[in-house]
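Notes follow once the structure below has been shown.
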């Protein structure tokens, strides 16, 4: 009886493993394609959207690893916060002119490509040469959030705080990029019109030096 049940469960198990492998390949191709689009596309807006696609693909990989909480945190923090913050920064920059062409840009692109290929080869060698081992301990199951919280505030407290500092730096960078360095023409015209209706005022530095207490004209 047990042998018959085991024989019936083999096709189901093989089908599930096949679906997981196909999903892994699709998510991997999506992540690589979106990452290449982030680097190669000339439009920074499209690059920001593709960066969100990279984060979503990584969240799908977490789901395949039965890490649902990490996948939800990936979507909420990176897709819902960092990517949206980058898009707002891009839209608020209000770039008026195109970038000037750089002389001998192909040399820099070639050097960057060589560096990227070297890093890819190094990481691939490390992944292949590392003796990976499967986890043999008890599965957290529904207590995964509790276990993650304990690790966050014990073993991984320093990386957790560094990530918070990184997010704060991203927020400050977005504010700096979104700050306007000039006023639109309609605002300038409005300010000039308002200035024509005000009385002239002596500079404060001159008044402080002369020590005059007479009311300003």
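Considering (1) more than 21 Å from residue 39 (Cβ to Cβ); (2) more than 21 Å from the chain's Cα centre (by Cα); (3) assigned to a helix (DSSP H, G or I), the lone condition that residue 123 does not fulfil carries the number (1). Of all the criteria given as (1) at pLDDT below 75; (2) within 30 Å of residue 82 (Cα to Cα), the one not satisfied by residue 209 is (2).
For the stretch 75-84, check the following and say yes or no: at least one residue is in a loop (DSSP other than H, G, I, E, B) and at pLDDT 85 or above. For the stretch 75-84, residues in a loop (DSSP other than H, G, I, E, B) and at pLDDT 85 or above: absent. Please list, ordered by first then second residue, the pairs with beta carbon atoms under 8 Å, 6 or more apart or interchain, first in the stretch 97-113 and part of a loop (DSSP other than H, G, I, E, B), second at pLDDT 75 or above and surrounded by 10 or more Cβ atoms within 10 Å (Cβ to Cβ). Short answer, once both residue conditions are applied: 102/108. Residues in the stretch 154-171 that are farther than 17 Å from residue 77 by Cβ and surrounded by 10 or more Cβ atoms within 10 Å (Cβ to Cβ): 155, 157.
Determine, yes or no, whether residue 18 is out of contact with any helix residue (DSSP H, G or I) (no Cβ under 8 Å at 6 or more places or on another chain), modelled with pLDDT under 85 and either in a helix (DSSP H, G or I) or under 30 Å from residue 135 (Cα atoms) (or both). Against the criterion (out of contact with any helix residue (DSSP H, G or I) (no Cβ under 8 Å at 6 or more places or on another chain), modelled with pLDDT under 85 and either in a helix (DSSP H, G or I) or under 30 Å from residue 135 (Cα atoms) (or both)), residue 18 qualifies.
Within the stretch 51-63, not a single residue is modelled with pLDDT of 85 or more, surrounded by fewer than 15 Cβ atoms within 10 Å (Cβ to Cβ) and either out of contact with any strand residue (DSSP E or B) (no Cβ under 7 Å at 6 or more places or on another chain) or outside any helix (DSSP H, G or I) (or both). Would you check which residues across the stretch 126-178 are in a loop (DSSP other than H, G, I, E, B) and touching a helix residue (DSSP H, G or I) at 6+ places or on another chain (Cβ under 8 Å) and list them? Correct list: 140, 153.
The values are calculated or read from the model by the stated rules, or taken from the named source; none is laboratory data. For clarity, every value in this text was computed on a predicted model and none was experimentally measured. A quick note on method: Cβ atoms are made from the backbone with ideal geometry, for glycine too, and the neighbour counts reach across all protein chains shown.
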